[in-house]
Amino acid sequence: MPRAEALDARTLALVRFAAAIAEGDEQELLARVDELLAAATPVPWVEELLLQSLLMVGYPRTLVATALWRKAGGVPAPTSDPDADYKRVAEWRRRGEATCATVYGDHYRKLRENVAALHPALDAWMVAEGYGRTLSRPGLDLPLRELCVVAQTAVLDTPRQLHSHLRGALNAGASVEDVDAALAAVHPLLTAAHWRRVRDLWSEVRGAGSAAD
């Protein structure tokens, strides 16, 4: 059985909430909100996780999770967002390029080429909107953002994206033990077959043979 002890209670609660957002079950989300409150997870962390979840799970599940956080967590919405000014697109692009390059490391150029080959708008949006406007916001550091992305792509069963962000978490500064713990947090939400796929993919990324149960 995988273990999650490498993460402190606040971080573990956030990663579990990330996984619950991807799963979309309201009872699981409510349980995870309770865990966030019990662990005293910083409100800015949760707010940033909710915003970045839009990239992974779309509006429907992000809106449901945010509504439950507001109601069950008793946390009011901010009255404004200083980072929402569309005049800052050039800044979003600059910081998006830097963040994306950190996450993808040596694979960054190839990623940009591959995505642009699909559609130039996808490449532009990925960098400016995804990595710049969203994942480079203050309030949550990049290693923790990547652990949350790992949790969500594992639940969503998107192996190519999971593979990229398992590497990305390490590139961003998360430890192997951190990623182990993030995957352990996701494990209860997965079927046995799904868990084996996730475990084997992580083993491939680590280059360490078969991951232990």
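What the table below lists for this structure:
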quantity	calculated
Candidates 60, 76, filtered to the one that is more than 20 Å from the chain's Cα centre (by Cα) and either without any contact (Cβ under 8 Å) to a residue 40 or more places away in the chain or farther than 26 Å from residue 177 by Cβ (or both)	76
Residues (among the aliphatic types (A, V, I, L, M) and either surrounded by 17 or more Cβ atoms within 10 Å (Cβ to Cβ) or assigned to a loop (DSSP other than H, G, I, E, B) (or both)) located in the stretch 41-53	46, 49, 50, 51
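Every number in this text was worked out from the coordinates using simple rules, so none of it is lab data. All values derive from a computational prediction rather than experimental measurement. A quick note on method: Cβ atoms are made from the backbone with ideal geometry, for glycine too, and the neighbour counts reach across all protein chains shown.
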